[in-house]
1. Using beta carbons and a limit of 7 Å, which pairs, at least six apart or on different chains, have the first residue in the stretch 353-369 and free of Cβ contacts under 8 Å to residues at least 12 places away in the same chain and the second one surrounded by 13 or more Cβ atoms within 10 Å (Cβ to Cβ)?
2. Of the conditions (1) under 19 Å from residue 257 (Cα atoms); (2) free of Cβ contacts under 8 Å to residues at least 60 places away in the same chain, residue 180 satisfies every one except a single condition; which number is it?
3. Output yes when any residue across the stretch 356-368 is under 30 Å from residue 72 (Cα atoms) and crowded, with 17+ Cβ neighbours inside 10 Å, and no when none is.
4. Taking only the stretch 107-130 into account, find how many residues are buried (at least 17 other Cβ atoms within 10 Å of the Cβ) and farther than 13 Å from residue 47 by Cα.
5. Does residue 56 satisfy the condition of being out of contact with any strand residue (DSSP E or B) (no Cβ under 6 Å at 6 or more places or on another chain) and touching a residue at least 60 places away in the same chain (Cβ under 8 Å)?
6. Of (1) in a helix (DSSP H, G or I); (2) more than 27 Å from residue 411 (Cα to Cα), residue 244 satisfies all except one. Which?
7. Is it fair to say residue 282 is in the same structural domain as residue 302 (by the TED database), surrounded by 21 or more Cβ atoms within 10 Å (Cβ to Cβ) and farther than 26 Å from residue 312 by Cα?
8. Please work out which one of (1) within 17 Å of residue 129 (Cβ to Cβ); (2) under 46 Å from the mean Cα position of the chain (by Cα); (3) without any contact (Cβ under 8 Å) to a residue 12 or more places away in the chain is the condition residue 95 fails and give its number.
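The values are calculated or read from the model by the stated rules, or taken from the named source; none is laboratory data. Because the structure is a prediction, the values reported are computed rather than measured. Here Cβ is always computed from backbone atoms with ideal geometry, including for glycine, and neighbour counts include all displayed protein chains.
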């Protein structure tokens, strides 16, 4: 049910398309307003702009701040006045574009539409700096002594990092997003191969009646992650072609990725509790705990998505994990790890024979749980801002792939796999739901353990059909036989099936090696032995066999 929660929220999270081609209309009573940001390469970053506003709102300015504490951080969401926010910029660096016909280099002209005079400005800028920089674009109208108050303008911005229209990997992308598209495509190809391998293993497990529900969860997680990569690749591919981000496709991909994470976390906790490995069902208390935990986990995850969509401020946050939703996702992951450890501890305490599987399982996935948060912390404190998003994105993809891949290696149905966890067949679990339902709580310790003496999941007891004696019979030849005379007569009357007539006989007499077709019924003419019956046994004179 957890994925239905995200699919239900999907329409609520749609947002107006906002990309590196940014088009919009601003009508506000404020005198200073932030529009967008972009990370430009040095000497290669290009801005193309078109602004249009009623002449009565003259004069409005375009302001270009870069990512220094003395610039953007000192003005955004502060109590400074409009003039003070503009004063931190250096006009000599062309950081102020005055949208007025008085400045020819701004590309402004007067036009008239429907009897209303407008100022229309078209132009561009090239960004030069010592390194890749975030540039924040804002507009202002500090002098409102004449005309209406506030601002009213229509704008179209196109931000690029290459003049080459065929350079689809760089032209439309912000410098912090470089190579995310080829990374997603590469991982999508790897996941296709991983899914094929999982399906092959599933077919083998199914043929051996070992295709348990936990492995089905694993395949579901892989499929959801593959769909996530498909949507992300499609969204970034379309963006590289036209410069407009498709938030709908990207959000759909992230939702499927979140579902995959939740399903895989559920799988790890169920395996940690021994489900389908040391037990066929969870205790009622554990079932309630798992249900409550993952219901809350799903709700919190969904709330974080909504919070990000509604509150995420690109003027303050450069990428997800620098925001409260990002901190929330990290916290959820570590909470999941804590319960994972708790589950495995008690499973190993009661089922030490499964340590060959659980020790590598626990060690690897502990590292796996912590790898993501550690990489995020390193990126936050030891990595340049324009490197963080693409680095964390690539590492996160790799961590997820390793997590899925390691589980497939652990559960591959191969004779060389000493860590293979499944030993109880699905058909055996089905038979346990009846009179032996208590056995679902604790499976036997090894693959071929007998649940109860002389019992079978189906069919008669055949264990005593070929019970033989290791000592020579003390009776005479006339008494040698596979059954008593009374049992033989019972068989003749048909009360005992021939195949099972000796089921209760515990000791069989010896067979002399020099008798190839002797009567086994003695003088009374009992059942005759098959012509070469004695060849079934090896003569052993040391134990009384002749």
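1. Qualifying pairs under 7 Å: 355/348.
2. All conditions pass for residue 180, except number (2).
3. Taking the stretch 356-368 as the starting set, the residues that turn out to be under 30 Å from residue 72 (Cα atoms) are none.
No, because not a single residue in the stretch 356-368 is under 30 Å from residue 72 (Cα atoms) and crowded, with 17+ Cβ neighbours inside 10 Å.
4. Keep residues of the stretch 107-130 that are buried (at least 17 other Cβ atoms within 10 Å of the Cβ), which gives 107-108, 118-121, 125, 127.
Narrowing the set further to residues that are farther than 13 Å from residue 47 by Cα leaves 107-108, 118-121.
Total satisfying the criteria: 6.
5. In short, yes.
6. (1)
7. Numbers: in the same structural domain as residue 302 (by the TED database): yes; surrounded by 21 or more Cβ atoms within 10 Å (Cβ to Cβ): no; farther than 26 Å from residue 312 by Cα: yes.
Here the answer is no, as residue 282 does not meet what is asked.
8. (3)
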